[in-house]
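The values are calculated or read from the model by the stated rules, or taken from the named source; none is laboratory data. Model, not experiment: these values are computed from the prediction. Backbone-built Cβ (ideal geometry, glycine too); neighbour counts: all protein chains shown.
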Amino acid sequence: MLSILEKIEEIGIVPVVKIDNAKDAVPLAKALCDGGLPCAEVTFRTDAAAEAIRSMTKAFPKMLVGAGTVLTNEQSDMAIQAGARFIVSPGLNPNVVQHCLNNGYPVIPGVATPSEVEQAISLGLNVVKFFPAEAAGGLAMIKAMSAPYVNLKFMPTGGINASNLNSYLDFSKIIACGGSWMVNSELINAGDFDAICDLTRQAVEQMLGFRFVHIGINQPDESTSKKTSDNIYELFGFSLRETGASFFAGEGLEVMKSMGEGSNGHIAVRTNYLFRAFAYLSRKGVKFRMDTARYDEKGRMKFIYLEDEIGGFAVHLVQK
């Protein structure tokens with residue numbers, strides 16, 4: 001079973017939510033889940049926080065709901081009793097962190113300096129929040145601090161948005177990014193949950209970055225494949241490149257030397273983070289052929305076929 005931190009890493013984006021009225025909690029949770037982010041950090045900056053967490057976790061028990069801006073032991077207890085699965089704080093208060101650890105609460109305190117990082121490590125933590133991310137030096141600062149602290153990972157929050165999200169997530173020491181651009185308080189208070197759902201979906205699409213790579217068409221044998229490829233070259237001048245299993249005409253068309261995957265062939269789709277795409281599509285009910293999965297040297301998935309064909313074509317995902 002995945003740990004809370006592993007689940008956060010799979011999701012990739014943690015919406016940081018300020019809820020003024022607990023009645024908005026359930027429709028907000030639905031908007032986030034429908035948009036593809038079954039996760040929220042509900043900040044304890046309002047009196048509605050605990051009730052909002054309670055309502056969200058009751059209505060969506062599979063949603064990963066945490067508490068943010070937790071400043072005291074009492075708030076930690078209140079959040080967990082309300083159903084929070086993890087605790088996030090803007091800074092590192094050793095008393096609060098130790099209280100959470102003693103009680104088995106997953107906790108991610110905020111740090112901005114090497115001294116705070118060392119304090120976190122001394123408390124036994126291996127993941128910290130980097131806050132306020134952009135104001136404290138951004139990705140360059142995280143990379144600089146991660147060099148001497150090789151086992152520590154970060155969840156940056158503060159100034160993260162659609163324009164810089166992927167630059168952060170591309171760095172292997174970052175498990176996820178916290179952000180509020182898809183859950184603006186004005187939208188929540190106005191009850192515009194359709195807009196929040198749309199912004200959430202856009203954030204997920206930005207993160208995963210699905211791109212069509214090529215289409216592969218099956219041929220009965222190598223000679224037929226060669227003839228088909230030559231015809232394409234003669235007609236359109238696309239350069240040909242031979243591999244052990246196929247001929248590529250340009251980069252968008254692969255002509256197989258045999259009847260490969262799929263009734264007619266296959267479609268290749270690239271994604272920025274295959275392990276996150278796998279989790280995202282699995283939540284949507286997509287099934288995968290685990291026997292086709294391939295992994296990199298670090299054990300992270302880099303290739304896999306979906307179980308069902310689309311229009312007679314097998315579909316596989318490939319890591320960017």
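Quick notes
- Being surrounded by fewer than 18 Cβ atoms within 10 Å (Cβ to Cβ) and without any contact (Cβ under 8 Å) to a residue 60 or more places away in the chain holds for only one residue in Ala22, Ala79, Ala84, Ala59, and it is Ala59.
- Residues in segment 146-156 that are over 21 Å from Val16 (Cβ atoms) and touching a helix residue (DSSP H, G or I) at 6+ places or on another chain (Cβ under 6 Å): Tyr149 alone.
- Counting only residues that are surrounded by fewer than 24 Cβ atoms within 10 Å (Cβ to Cβ), outside any strand (DSSP E or B) and in contact (Cβ under 8 Å) with a residue 24 or more places away in the chain, segment 25-53 holds 13 of them.
- Subset of segment 216-231 that is buried (at least 16 other Cβ atoms within 10 Å of the Cβ) and not in a helix (DSSP H, G or I) - its residue that is farthest from the chain's Cα centre (by Cα): Gln219
- Residues of segment 251-267 that turn out to be surrounded by fewer than 13 Cβ atoms within 10 Å (Cβ to Cβ) and hydroxyl-bearing (Ser, Thr, Tyr), as a count: 1
- Ala67 vs. criteria more than 18 Å from the chain's Cα centre (by Cα), within 19 Å of Leu92 (Cα to Cα) and surrounded by 19 or more Cβ atoms within 10 Å (Cβ to Cβ): yes
- The condition of being farther than 30 Å from Lys23 by Cβ, surrounded by fewer than 18 Cβ atoms within 10 Å (Cβ to Cβ), among the basic types (Lys, Arg) and within 26 Å of the chain's Cα centre (by Cα) holds for only one of Arg211, Arg201, that being Arg211.
- Within the set Val107, Val111, the sole residue that is out of contact with any Gly (no Cβ under 9 Å at 6 or more places or on another chain) and surrounded by 15 or more Cβ atoms within 10 Å (Cβ to Cβ) turns out to be Val107.
- Qualifying residue in segment 270-284 (condition: within 23 Å of the chain's Cα centre (by Cα) and part of a strand (DSSP E or B)): yes
- Conditions (1) in a strand (DSSP E or B); (2) of a type in the set (Gly, Ala, Ser); (3) not assigned by TED's automatic domain parsing to the domain that holds Ala40: number failed by Gly262: (1)
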